[in-house]
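The values are calculated or read from the model by the stated rules, or taken from the named source; none is laboratory data. Note that the structure is a prediction, hence the values are computed from the model and not measured. All Cβ positions, glycine included, derive from the backbone under ideal geometry; neighbour counts span all protein chains shown. Heavy atoms of the whole protein, side chains included, go into the accessibility calculation; ligands, DNA and RNA do not. Shrake-Rupley method; radii C 1.70, N 1.55, O 1.52, S 1.80 Å.
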Amino acid sequence: MSQPNFKEKDHFLNRELTHLDFHLRVLEQATSERHPLLERLKFLLIFDNNIDEFFEIRVAGLKRIIAVNKLSRGCDGLSAKEKLEKISEKCQQAIIYQYDILNDHILPALREEGIRFTRRSEWSPEQLEWVKHYFRQQVLPVMSPIGLDPAHPFPQLANKSLNFIVALDGVDAFGRTNSLAIVPAPRSLPRLIRFPDELCTSGHNFVFLSAMIHAHAQELFPGMDVKGCFQFRLTRNADLYLEEELVDDLALAIKSELSSRQYGDAVRLEVADNCPLALSDFLLQQFGLSQDELYRVNGMVNLSRMMQITELDLPHLRYPPYVPSVPKIIQRSKTIFDAISQQDILLLHPYQSYSPVIDLLRQSANDPNVLAIKQTLYRTEKNSSVLRLLESAARAGKEVTCVVEVRARFDEESNLEIANQLQAAGATVCYGVVGFKTHAKMLLVVRRENNKLVRYFHLGTGNYHRGNARIYTDYSLLSSDQVTGIDVNKIFQQLTGMGSEAKLKRIFHAPFTLHNKLISLIDRETHFATQGKNAQIMIKVNSITEPNIIEALYKASGAGVKIELVIRGICCLKPGIPGVSENIRVRSIVGRFLEHTRVYYFHNDNDPKVFCSSADLMERNLHHRVETCFPILDPDLIKRIKTEGLGVFLSDNVDAWLLNEEGIYHQIPTSDQAKCAQQILTEKYSGKI
């Protein structure tokens with residue numbers, strides 16, 4: 001389809017700003033006392049990490065567009081330069097708010113619980129002596145201060161590394177009168193060090209590495225007078241740019257690019273708020289940044305290094321533990337194959353255990369009747385059980401084929417190592433298709449039963465990552481439906497071999513059929529509405545930005561289709577516009593777990609069609625990735641998804657935020673009857689209700 005021509009640019013919200021809005025909703029959780037204290041701290045640190053990536057990718061991308069003189073405007077009518085100006089203003093406010101929450105709320109509350117970050121002014125004589133000894137024994141030997149002069153130009157500093165700019169006075173042993181020096185904090189050192197318990201009255205007491213360096217900066221420059229020592233941190237462009245059509249070996253090209261990621265173009269400078277203007281201006285000049293790209297912070301410049309605090313063994317300050325359930329059909333079956341043969345099994349993580357997915361792989365690796373295993377790997381742990389079982393199956397002589405996506409952002413290095421391990425074990429490894437990331441989540445097992453080949457498969461909305469399965473909400477479908485299984489096999493053949501577009505019977509897949517099929521399903525609801533029939537669409541995804549999908553939803557809304565969208569992150573669609581989107585409601589759920597399920601529901605004249613997918617409604621997913629969208633065939637599972645995958649979130653008044661016609665999110669006020677979707681699902685699957 002061609003690019004839609006909206007009558008008014010106000011019908012389309014800015015992508016980058018709505019992405020930033022999601023991060024702000026995460027930050028708001030740090031202020032909510034309904035979350036335990038250490039979980040509130042975790043939300044604040046997740047926000048910090050999210051903002052880092054926002055600058056490394058989103059802001060860096062906009063700057064790159066400006067650098068190559070691309071003056072085109074997006075569907076929101078804004079140029080890249082205008083977007084950067086709005087982002088700068090909003091980010092400045094957000095960072096101030098973040099440190100206000102930390103200093104005025106989180107740190108005082110932690111102190112009341114006996115968790116202290118001791119300032120230099122608070123150190124006892126015994127602590128002073130311990131810090132001096134630690135600095136001289138553990139820190140000083142690995143530090144390399146750099147005095148700035150013609151023989152020592154400004155150093156190349158790694159992305160997000162902690163550094164100090166030091167103002168000096170005096171003459172050194174060579175007669176030099178350097179006035180400035182840079183002190184990189186070694187990345188091998190922890191940023192947070194625990195005081196020995198015997199030096200403290202009680203509780204958990206920590207000292208920041210930065211405080212140690214500040215306290216002993218004079219020892220780095222003997223004979224010189226240290227006039228000031230100030231933290232700073234530089235954020236760089238961390239995206240990888242490959243001319244893939246010119247690459248002979250994709251893995252080798254990515255490996256060579258990874259070394260340069262730490263030294264991309266500068267996009268943001270953070271300095272301590274007490275850093276003199278002359279020094280911050282000097283740093284901006286060195287990095288080629290403007291005043292708008294300077295962020296003064298009231299505290300340490302690398303907050304994410306505090307994440308270790310959230311793992312302290314203090315149960316009353318963390319979420320209560322829960323044990324995910326396992327479906328009864330799996331519990332009472334002799335093997336996972338027996339269970340899947342009886343019926344399709346739908347798992348909702350993290351409320352239901354991820355272990356059946358692992359069990360399918362484990363039993364396949366050990367079963368002599370299993371001939372082949374095929375799997376996509378987008379993000380998984382380097383030492384995961386998934387990887388070990390694939391290696392074991394390959395060593396046992398089974399045909400193991402893995403499509404490892406080495407372009408998964410920030411997991412490139414890990415995935416290269418995974419690919420090497422699998423190849424060493426005898427598995428066949430390929431890296432998908434040049435120009436199209438393989439984002440589909442598929443596991444196919446071919447098993448001989450009664451002289452016939454039976455296909456068992458797993459299709460999911462999330463990654464093969466056990467850690468993520470404990471904190472991300474995702475659907476997993478385990479099935480032996482042979483028609484769908486043949487579709488899965490054809491997609492694998494397409495990824496590993498060559499040929500024309502695979503003709504699939506049940507699965508929609510990008511970049512071929514998914515976009516147009518979704519448009520067709522939306523248009524069908526529009527048709528039913530124009531005939532006076534009940535028409536409804538419910539969609540739950542991470543993001544929606546694709547212009548043609550949005551245009552189709554606007555058209556459906558205008559025809560009277562009731563549309564409910566649960567969009568966690570980026571939403572470029574604007575609801576509530578009279579005559580355009582007045583029948584569309586958009587909400588975002590931000591809670592204990594990261595909402596990650598992708599579900600599409602179409603009322604279809606009272607014959608519901610329900611799909612789960614690996615794909616969000618974004619241009620990259622629908623046009624530039626390999627994605628799957630698979631139907632839910634069992635009527636009971638369709639009802640279950642409508643209720644627990646969609647309906648429960650539409651009644652949430654605890655974790656839900658509503659998007660209004662102005663493009664602003666408002667948290668739904670909690671009534672006397674609080675309804676938290678995640679809590680309801682936790683209790684349902686833990687057997688409490």
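Structure notes:
- Checklist (1) within 25 Å of the chain's Cα centre (by Cα); (2) open to solvent by less than 20 Å² (accessible area, probe 1.4 Å); (3) not hydroxyl-bearing (Ser, Thr, Tyr) applied to Leu84, failing item: (2)
- Strands (runs of 3 or more DSSP E) (entirely within the range 159-226) containing at least 3 residues that are of a type in the set (D, E, K, R): none
- Those residues of the range 144-172 which are over 30 Å from Thr201 (Cβ atoms), open to solvent by less than 70 Å² (accessible area, probe 1.4 Å) and within 33 Å of the chain's Cα centre (by Cα), in sequence order: Pro155, Leu157, Ala158, Asn159, Lys160, Ser161, Asn163, Phe164, Ile165
- Qualifying positions in the range 553-566 - free of Cβ contacts under 8 Å to residues at least 60 places away in the same chain and either open to solvent by less than 10 Å² (accessible area, probe 1.4 Å) or over 15 Å from Phe528 (Cα atoms) (or both): Leu553, Ala556, Ser557, Val561, Ile563, Leu565
- Checked against (1) among the aliphatic types (A, V, I, L, M); (2) closer than 21 Å to Leu240 by Cβ; (3) out of contact with any strand residue (DSSP E or B) (no Cβ under 7 Å at 6 or more places or on another chain), Ala425 passes all but a single condition, namely (2).
- All of (1) crowded, with 19+ Cβ neighbours inside 10 Å; (2) under 23 Å from the mean Cα position of the chain (by Cα); (3) assigned to a helix (DSSP H, G or I) hold for Ala339 with one exception: (2).
- Residue within the range 25-40 that is under 30 Å from Gly579 (Cβ atoms) and modelled with pLDDT of 95 or more present: yes
- Residues of the range 360-369 satisfying the condition of being open to solvent by 40 Å² or more (accessible area, probe 1.4 Å) and in a helix (DSSP H, G or I): Arg362, Gln363, Asn366
- Within the range 285-306, residues that are of a type in the set (Val, Ile, Thr) sit with their Cβ atoms under 6 Å from residues that are assigned to a strand (DSSP E or B) and open to solvent by less than 30 Å² (accessible area, probe 1.4 Å), at 6+ positions apart or across chains, in these pairs: Val297/Glu270; Val301/Gln231; Val301/Arg233; Val301/Glu270.
- Strands (runs of 3 or more DSSP E) within the range 375-477 that include 2 or more residues modelled with pLDDT of 90 or more, open to solvent by less than 20 Å² (accessible area, probe 1.4 Å) and under 30 Å from Gln679 (Cβ atoms): 452-460
- Per the conditions (1) closer than 30 Å to Asn178 by Cβ; (2) assigned to a loop (DSSP other than H, G, I, E, B); (3) among the hydrophobic types (A, V, I, L, M, F, W, C); (4) under 33 Å from the mean Cα position of the chain (by Cα), the sole criterion not satisfied by Leu78 is (1).
- Picking from residues in the range 265-323 that are polar (S, T, N, Q) and in a loop (DSSP other than H, G, I, E, B), the one that is most open to solvent (accessible area, probe 1.4 Å) is Asn274.
- Here the range 567-587 is the region considered, the condition is being under 26 Å from Ile632 (Cα atoms) and among the charged types (D, E, K, R), and the residue that is surrounded by the fewest Cβ atoms within 10 Å (Cβ to Cβ) is Arg585.
- Tally, over the range 172-218, of residues that are β-branched (Val, Ile, Thr) and free of Cβ contacts under 8 Å to residues at least 40 places away in the same chain: 3
- Unmet criterion (only one of (1) under 30 Å from Ala60 (Cβ atoms); (2) touching a strand residue (DSSP E or B) at 6+ places or on another chain (Cβ under 9 Å); (3) without any contact (Cβ under 8 Å) to a residue 40 or more places away in the chain) for Ser79: (2)
- Within the range 134-148, tally of residues that are under 28 Å from Pro196 (Cβ atoms) and outside any loop (DSSP other than H, G, I, E, B): 9
- Total residues in the range 220-264, condition at pLDDT 75 or above and open to solvent by 60 Å² or more (accessible area, probe 1.4 Å): 6
- Any hit, the range 178-195, residues being of a type in the set (A, V, I, L, M), modelled with pLDDT of 95 or more and over 19 Å from Ala272 (Cβ atoms): yes
- Enumeration of residues in the range 36-57 that are open to solvent by less than 10 Å² (accessible area, probe 1.4 Å) and more than 17 Å from the chain's Cα centre (by Cα): Leu38, Leu41
- Selection status of Gln138, farther than 30 Å from Arg236 by Cβ and of a type in the set (S, T, N, Q): no
- Pick from the range 478-496, criterion of a type outside the set (Ser, Thr, Tyr) and within 18 Å of Val404 (Cβ to Cβ), ranking: most open to solvent (accessible area, probe 1.4 Å): Gln493
- Filter result for Ile522 (in a strand (DSSP E or B), farther than 19 Å from Val626 by Cα, open to solvent by less than 30 Å² (accessible area, probe 1.4 Å) and not acidic (Asp, Glu)): no
- Options Ala109, Ala60; residue that is part of a helix (DSSP H, G or I), in contact with a helix residue (DSSP H, G or I) (Cβ under 8 Å, 6 or more places away or on another chain) and open to solvent by less than 40 Å² (accessible area, probe 1.4 Å): Ala109
- Of all residues in the range 115-133, exactly one satisfies the criterion of being part of a loop (DSSP other than H, G, I, E, B) and either among the charged types (D, E, K, R) or touching a Ser or Thr at 6+ places or on another chain (Cβ under 6 Å) (or both), namely Arg119.
- Selection count where residues are in contact (Cβ under 8 Å) with a residue 24 or more places away in the chain, out of contact with any Ser or Thr (no Cβ under 6 Å at 6 or more places or on another chain) and of a type in the set (D, E, K, R), scope the range 575-619: 7
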